[in-house]
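The values are calculated or read from the model by the stated rules, or taken from the named source; none is laboratory data. Just so we're clear, the structure is a prediction, and the values are computed from it rather than from any experiment. Here Cβ is always computed from backbone atoms with ideal geometry, including for glycine, and neighbour counts include all displayed protein chains. The area values use the complete protein model at the heavy-atom level, side chains included, leaving out ligands, DNA and RNA. Shrake-Rupley method; radii C 1.70, N 1.55, O 1.52, S 1.80 Å.
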Amino acid sequence: MLKSMFLSGTALIAFPKLALAREFRGGETWPWAPGVADTPYFGTETGSYLNMAERAFVYAATARLIPSDDDGPGAREADVLTFIDRQLAGFYGRGQRWYMKGPWPEGLATQGYQSQHTPAELFRVCIDAIDQWCATNHDARFADLDEAMQDQILERIEAEDVTIEGAQIATFFDLLKEITIEGFFADPIYGGNRDMVAWHYVGFPGARYDYRDFIHHDGAPITMPPVSLAGRPGWNVDR
Amino acid sequence: METLPQADAVIIGFGWTGSIMAHELTKAGLNVVALERGGWRDTPTDFPPTLAPDELRYYWRHEMFQETSRETLTFRNNMSQTALPMRRWGSFLPGVGVGGAGVHWNGQTFRFLPSDFVAKTHNEERYGPLPPDMTVQDYGVTYDELEPHFDTFEKLCGISGKAGNIRGTIQEGGNPFEGWRSDEYPNPPMEMTFSQDRFDFAARGLGLNPFPAPSANMSQAYVNPLGMSLAPCTYCGFCEKFGCGNYSKAAPQTTIIPVVMRNPNFTLRTNSEVLHVNKHPDGTRATGVTYVDASGNLFEQPADVVVLCGYQLQNTRLMLLSEIGEPYNPQTGQGLVGKNYTYQVMSSVEVFYEEEFTNNFVGAGSLGMIVDDYNGDNFDHSGLGFIGGAYIGCWTTNARPIESHPVPEGTPEWGSEWKRAVRHNFLKQTSLSVHGASMAYRHNYLDLDPTYTDHWGRPLMRMTYDFTANDRLLTDHITPIAAEIARNMGGREIKINERRGSYDSMPYQTTHNTGGTIMGQTPADSVVNRYLQSWDLHNLFVMGAGVFPQNAGYNPTDTVAALTYWSAEAITSQYLRSPGPLVQA
């Protein structure tokens, strides 16, 4: 069966010819040169995916998940919206590294993500569904409701107390919460955690790579400014 | 399809077991070809220090792992359910590419206990017959036989640790329960931080025997017996799920691959995915493998010896797809390929401090203190109703904030109160991990899925797995002991994360999947014999944790590697002289 499958050639069409196989013969030179690395990876895309209504929803909802308050910055200061927009525009949004073949029966809680939508599609479908539900039940789209009402709706979605035919809004909520936390805490090169506000807030020193001088801290605080993969403002030359 | 020139040996998968096997076989003069389905990966090209500490890229966007879009597995808790694909990784993280999962491991390098290798005999002698559904058995190889090979691997890696038993003499400061060692660890233990100091104090206060965890993170600069140099660990907190940019973590890349690559009788082909092992019509041996390269070209690679060195899940699947041996059927108990899938039973207890800082960003993959008093059969199980045990460890591995933002019991999961709790506790928490054994049961197994297929259109593997009666009793017994230690560590409060409910395939637990191609004493109880040689095809050898008949309460890599050296020795010293079954059925 395998032989016929491959000899027929049908299975080969879908295969990308981008990364060719390589052969490394023992005793020959190394496949890299000293001092040369892959180019730095500045996120996935700088593109944009969300439309205006979706932007308004994400801006409002992420600010409820991680609010800006008197204790410190939230999703807004960290620009989680830009992070999410770029992620959805890239391979993550396309579900490119995820197994996305059907069939799609309803899964059990222990079976994880079982939506047939890619993350980007799930955002599109569910934001639209939630905004319509809000319009029907509260005469306004989600972003225009007051914060207490927004909290209440998110809580009900999370608890599956509100369900919408054709839109897996509880799955969407889980994904939204996850990507909001990513956007808050990821390295700033991805567009969120702007100026490392989240790292400053919790005291994470970032991409430093050497703490040998601090091993024996014995419970004392270690205070140092965070560093991104792209450096930090203190390293800029004054002009 | 092009047929390539005959190789003396073909190795499928180029991680820890593949590179060790390649080294041993090329050393014996064989002409060896290794096929790796992922790409070339090395420190300077793929994870130099300027790029390595990127939590989003490597862990959350899975750059270190096999892409599920190409191949995943389906999962269900029991046979009455329909297995669905794991669309994204969760509970475990299979590697891909040169170095395999050996690139992104933590480096926690324990030996199994002598009694773990004779789990059935040992426990039945001491406690009576095992339950009828428990399919635990002996490995067929003993600790004494493996000891020199553990030692070889630990020196290859430069493991940092403190011996507890050198040739039968108990050593102060080491693990008094461990099997005998022929030698001290090649490097001293890592330096401990505040959390380990508190754990050590609390555990000693309870009469327990804490010791520094054996670590593949270097406590000092080290040159291994192959001449490879490793650098001192910088405690950067980007170890597990990441490549080490600093040459401080023993990985195939830092310890052995450069040596293998110098041999003119070795060839590595990357982006080359093996589709099946080919069998000779006489049914006694393999003739080689068929693989496809990244351009979609099919090749046949003939070889005198075939060694499966993929991840446990891959090796089992390749056996099933190649129709070697009889697939396991849990209804009848017949068949062996896919039998005895086991995992690891994890729980934890967190300690939150008020005044003191744990500063978890000063961490390393295997920076920890361990208590082994409740592992294996180190304690009396009479009347407890379970066998096996767990180590209790206080690790400080990271403060990577997407993954680790601990909050106390009762904190909401989002909103202002959550955010405040994250800030308040971010640098003031530590965790005690209870790392438990997993015993084989009749209804936990692997087979091919009837519905879902990979990117070649071939069946995915299906996992049917849930926690068992033994697991529940084990974790219920040992988690409270961890809690007692935690209470004595001087924190403000503790939080107990018990192992409850069915196995959930999504939250990360551990990449310690075992069984499926189990080893044993006769063709009636195992897929491979004590030398990891297939009972069916005498020139086929299967490496990896798939050969564990059940899993012990330790991280598997040291035992996986020791078994690889043991098998390689049997191949080079016995099999090559007279090819045929090394154990008569």
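Surface composition of region B:2-575: carbon plus sulfur atoms hold 49% of the accessible area, using a 1.4 angstrom probe and ignoring ligands, DNA and RNA.
Take each residue in B:412-425, count the other chain C-beta atoms within 10 Å of its C-beta, and the mean is 6.
For region B:2-575, what relative contact order do you get, as a whole percent, if you take Cα pairs closer than 8 Å and at least 6 residues apart?
Numbers: 1477 pairs, mean separation 130.3, N = 574.
It rounds to 23 percent for region B:2-575.
For the protein assembly as shown, what does the helix formula give at 222 nm: sum of -39500 (n - 2.57) over DSSP H segments with n ≥ 4, over the residue count, nearest 500 deg cm²/dmol?
On the way: 18 runs with 198 residues, N = 824.
My calculation for the protein assembly as shown gives -7500 deg cm²/dmol from helical runs alone.
Each label point was placed 7 Å from the Cα along the Cα-to-Cβ direction; for A:Ala33 and B:Leu206 their separation is 5.7 nm. Projected label points at A:Ala140 and B:Ser182, each 7 Å from Cα along the beta carbon direction, are separated by 7.6 nanometres. Averaged over the residues of peptide B:75-88, the number of Cβ atoms from other protein chains lying within 10 Å of each residue's Cβ is 5. Computed about the Cα centre, the dipole magnitude for region B:2-575 is approximately 900 debye when only Lys and Arg (+1) and Asp and Glu (-1) carry charge, each at its Cβ. Axis of helix B:557-570 versus longest Cα principal axis of chain B: the two differ by about 30°, to the nearest ten degrees.
Would you mind giving the total buried accessible surface between chains B and A, with a 1.4 Å probe and ligands, DNA and RNA left out, rounded to the nearest 100 Å²?
Roughly 8600 Å² of accessible surface disappears when B and A pair.
DSSP beta bridges fully contained in the protein assembly as shown are about 70 percent antiparallel.
Rank-order B:168-176, A:198-206 by packing density, defined as the average count of other C-beta atoms within 10 Å over each peptide's residues, highest first.
On the way: B:168-176: 15.0, A:198-206: 22.4.
In descending order of packing, they fall as A:198-206, B:168-176.
Helix B:416-425 and the longest principal axis of the Cα set of chain B meet at an angle near 90°.
Among the residues of B:296-302, the average count of other protein chain beta-carbon atoms within 10 Å of the residue beta-carbon is 3. Beta-bridge orientation, chain B: approximately 70 percent antiparallel, per DSSP, counting only bridges with both partners inside.
If each residue of separation counts as 0.36 nm, what is the full-extension length gain between B:Gln171 and B:Glu354 once their alpha-carbon separation is subtracted?
On the way: separation 183, 0.36 × 183 = 65.88 nm, distance 3.63 nm.
Result: 62.3 nm gained on full extension.
Once the Cα atoms are used to define both axes, helix B:312-321 deviates from the longest principal axis of chain B by about 30 degrees.
For the ranges A:146-152, B:500-506, B:340-346, what's the packing order if you count other beta-carbon atoms within 10 Å of each residue, average per peptide, and put the highest first?
Values: A:146-152: 13.6, B:500-506: 15.9, B:340-346: 26.1.
My ranking of the peptides, most packed first, is B:340-346, B:500-506, A:146-152.
Between B:Ser578 and B:Gln334, the modelled labels are 3.4 nm apart [label points 7 Å from Cα along Cα→Cβ].
Please work out the Cα convex hull volume for chain B and give it in Å³ per residue.
Details: hull volume 86.3 nm³, N = 585.
Dividing the Cα hull volume of chain B by its residue count gives 148 Å³.
Taking the Cβ of B:Val422 as the center, what net charge do the other residues with Cβ under 12 Å away carry, scoring Lys and Arg +1 and Asp and Glu -1?
On the way: positive: B:Lys419, B:Arg420, B:Arg423, B:Lys428; negative: A:Asp71, B:Glu413, B:Glu417.
Surrounding charge for B:Val422 is +1.
With a 1.4 Å probe and all protein chains left in place, how much accessible area per residue does the protein assembly as shown have, in Å²?
Numbers: 29190 Å² over 824 residues.
Per-residue value: 35 Å².
Karplus-based coupling profile of region B:370-378, in residue order and whole Hz: 10, 10, 10, 4, 10, 9, x, 10, 6, with θ = phi - 60° in 6.51 cos²θ - 1.76 cosθ + 1.60 and x standing for Gly or Pro. The orientation-averaged projection of the convex hull spanning the C-alpha atoms of the protein assembly as shown amounts to 34.4 square nanometres.
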